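Peer 1: Structure provided below as structure tokens; questions to follow.
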Amino acid sequence: MATDPDLVPADGARTEPDLCHPFLQNLPITGASVTVVNASRSQHSVCSSDSIASRVDELQFEFGEGPQWKAVATGELVVVPDMAADLHGDWPIFWSEVRQLAVGALFAVPMRMGAVTVGAVTLYRSSPGDLSPEQRSSALAIGSAIASAAVHRAMRSALDDDEDESPTSPAFRREVHQATGMILAQLNTTATIAYSRLQAYAFAHGRHIQDVARDVVNRDLTFEE
Amino acid sequence: MTKHTRETKLSAAFVKLADTLVADFDVVDLLRWLVEECTQILDTQVGGLMLVDPAGELQLVASTSEDAELVEILQLAAGEGPCLDCFRTGKPVTVGDLSTANDWPEFSRGAMSHGFHSVHATPLRLRGDVIGTMNLFSVHVGELAPEDIAVAQALADVATIGILQERTIRSSHLISEQLQFALDSRILIEQAKGVLAATAGLNMDAAFNVIRTYARNHNQTLRSVADDVIARKIDLSQDALAKKSNG
């Protein structure tokens with residue numbers, strides 16, 4: 001697992017609560033943290049609503065295990081409605097640390113842009129309790145709704161780019177999604193990995209993702225190996 | 001179009017819309033159909049339909065063609081112009097002659113450079129909320145007549161109910177959940193178009209048509225076909241090549 005220490009501030013998360021807010025407002029949860037992850041499992045914490053949420057996020061990063069990773073890998077919602085009853089087979093070290101915190105239930109919501117999973121939102125409740133089917137579908141919809149804003153924010157801070165672009169334009173215009181599809185076919189891989197490769201290429205060449213995407217769509221650049 | 005054929009077309013459109021809304025339908029497909037239908041009934045040449053995203057910006061979700069140049073004009077319309085004004089005010093906006101429309105220089109120039117001279121924007125609204133706009137472009141000069149504006153609005157209103165009907169509409173939060181679903185479908189379709197562009201060497205408009213034809217022939221939604229194309233469960237490059245050679 002690799003991460004750039006500059007991307008994760010000492011307190012474990014940046015204090016930009018707005019992307020957490022829709023979860024807190026619409027779901028019976030105590031706290032939330034939003035994390036953008038790429039295919040090489042490097043992680044960028046975008047925001048946490050409180051210190052416990054921030055600690056849960058940090059532990060998942062530190063041990064490389066926890067519901068967030070499962071949500072990212074599967075693109076599905078992960079629910080642990082009662083931490084005390086959980087068999088903790090999937091994440092033994094993480095579980096033993098989290099049980100020392102006031103966490104009764106944990107949920108991890110994938111952030112999806114089409115077929116690409118760009119990260120996950122970890123939600124916790126101080127007491128045990130599940131989400132209803134309606135709440136689950138709301139959680140997934142909110143996860144998709146904030147995905148492009150979260151990844152944009154992570155990218156902007158990774159590139160140290162102060163340009164004041166809005167989160168959805170022009171960075172996530174159609175070319176980016178079309179290029180993702182082209183790269184996934186060229187490399188015979190998943191959408192998530194294809195998107196990561198596009199992003200990594202842009203980063204390595206100091207270019208904006210939509211510029212690189214346009215080259216891919218215009219067939220001036222191919223990822224075929 | 002004569003008054004008679006027009007009325008026949010219009011009533012056919014409402015019947016089809018009503019039929020669609022009771023069945024399991026694909027939002028993007030419905031919106032594409034709507035914009036095609038309105039383009040014909042109102043004697044315009046191209047059109048696009050935009051829905052508002054979580055950041056409050058308009059995203060193009062359906063258009064009469066997915067040709068890159070047309071998409072660019074339509075996206076330009078999300079940034080300035082009558083469509084944005086329509087979205088902000090919730091009222092229809094009709095501009096009969098773009099050459100005298102000084103309020104939106106970039107938009108007017110872009111549209112005219114592609115041969116369009118008038119544009120008509122219809123809001124998609126439900127009670128107090130405006131969730132997007134339908135925009136029709138014409139190569140002719142001239143405003144839409146009040147009865148045409150009413151026809152466009154009526155079709156748009158029924159489609160809006162369609163978009164938002166899947167769940168009981170209890171709050172603005174649930175409305176945005178449905179919108180999110182439509183916006184997500186569009187991203188999946190773009191990714192699937194990319195797969196076909198790479199595997200069959202198609203342009204984006206042709207790639208969309210292959211996906212749509214397959215969806216219709218197999219009675220599936222655009223979204224589920226897009227999903228399968230991206231997951232490489234189905235390979236449409238043969239369908240694409242067949243289509244290509246048929247012209």
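The values are calculated or read from the model by the stated rules, or taken from the named source; none is laboratory data. It should be emphasised that the depicted structure is a prediction, and the values quoted were computed from it without experimental measurement. Every residue, glycine as well, gets a Cβ built from its backbone with ideal geometry; the counts of neighbours run over all protein chains shown.
Peer 1: Take A:GLY114 and decide whether it is crowded, with 22+ Cβ neighbours inside 10 Å and within 14 Å of another protein chain (Cβ to nearest Cβ).
Peer 2: Criteria met by A:GLY114.
Peer 1: Would you say B:ALA55 is more than 18 Å from B:ILE131 (Cβ to Cβ) and within 14 Å of chain A (Cβ to nearest Cβ)?
Peer 2: So B:ALA55 does not fit the description; no.
Peer 1: Tally the residues that are of a type in the set (Ser, Thr, Tyr) and under 26 Å from B:LEU183 (Cβ atoms), restricting the search to the stretch B:108-142.
Peer 2: Adding up the residues that qualify gives 2.
Peer 1: Right, another one. Quick one: would you say B:THR64 is polar (S, T, N, Q), within 26 Å of B:ILE187 (Cβ to Cβ) and in contact with an Asp or Glu (Cβ under 6 Å, 6 or more places away or on another chain)?
Peer 2: Against the criterion (polar (S, T, N, Q), within 26 Å of B:ILE187 (Cβ to Cβ) and in contact with an Asp or Glu (Cβ under 6 Å, 6 or more places away or on another chain)), B:THR64 qualifies.
Peer 1: Among the residues of the stretch B:201-231, count how many are within 14 Å of chain A (Cβ to nearest Cβ), over 15 Å from B:ARG186 (Cα atoms) and either touching a residue at least 24 places away in the same chain (Cβ under 8 Å) or part of a helix (DSSP H, G or I) (or both).
Peer 2: 4
Here is a yes/no grid of residues against (1) surrounded by fewer than 16 Cβ atoms within 10 Å (Cβ to Cβ); (2) within 14 Å of another protein chain (Cβ to nearest Cβ); (3) hydrophobic (A, V, I, L, M, F, W, C):
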residue	(1), (2), (3)
A:VAL79	no, no, yes
A:ASP86	no, no, no
A:GLY104	no, no, no
A:ALA108	no, no, yes
A:ARG125	no, no, no
A:GLY129	yes, no, no
A:GLU134	yes, yes, no
A:ILE146	no, yes, yes
A:ALA149	no, yes, yes
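Peer 1: Okay, moving on. Quick one: would you say A:SER127 is free of Cβ contacts under 8 Å to residues at least 12 places away in the same chain and small (Gly, Ala, Ser)?
Peer 2: No.
Peer 1: Suppose we filter the stretch B:58-97 for residues that are farther than 14 Å from B:THR133 by Cβ, buried (at least 18 other Cβ atoms within 10 Å of the Cβ) and away from chain A (no Cβ under 14 Å); how many remain?
Peer 2: 1
Peer 1: Of all residues being more than 9 Å from chain A (Cβ to nearest Cβ) and within 25 Å of B:GLU69 (Cα to Cα) in the stretch B:171-200, which is modelled with the highest pLDDT? Just the residue, please.
Peer 2: Filtering first and then ranking leaves B:ALA200.
Peer 1: So which residues in the stretch A:189-223 are outside any helix (DSSP H, G or I), more than 9 Å from every other protein chain (Cβ to nearest Cβ) and either more than 21 Å from the chain's Cα centre (by Cα) or among the hydroxyl-bearing types (Ser, Thr, Tyr) (or both)?
Peer 2: Result: A:THR189, A:HIS205, A:GLY206, A:ARG207, A:ASN218, A:ASP220, A:LEU221, A:PHE223.
Peer 1: Yes or no: the stretch A:178-188 includes at least one residue that is more than 9 Å from every other protein chain (Cβ to nearest Cβ), over 20 Å from B:LEU236 (Cα atoms) and not in a loop (DSSP other than H, G, I, E, B).
Peer 2: No, because not a single residue in the stretch A:178-188 is more than 9 Å from every other protein chain (Cβ to nearest Cβ), over 20 Å from B:LEU236 (Cα atoms) and not in a loop (DSSP other than H, G, I, E, B).
Peer 1: Taking the conditions exactly as written (among the aliphatic types (A, V, I, L, M), touching a Gly at 6+ places or on another chain (Cβ under 7 Å) and modelled with pLDDT of 90 or more), does A:VAL72 satisfy them or not?
Peer 2: It is true that A:VAL72 is among the aliphatic types (A, V, I, L, M), touching a Gly at 6+ places or on another chain (Cβ under 7 Å) and modelled with pLDDT of 90 or more.
Peer 1: In this structure, is A:ARG125 basic (Lys, Arg) and farther than 25 Å from B:GLN178 by Cα?
Peer 2: Yes, satisfied.
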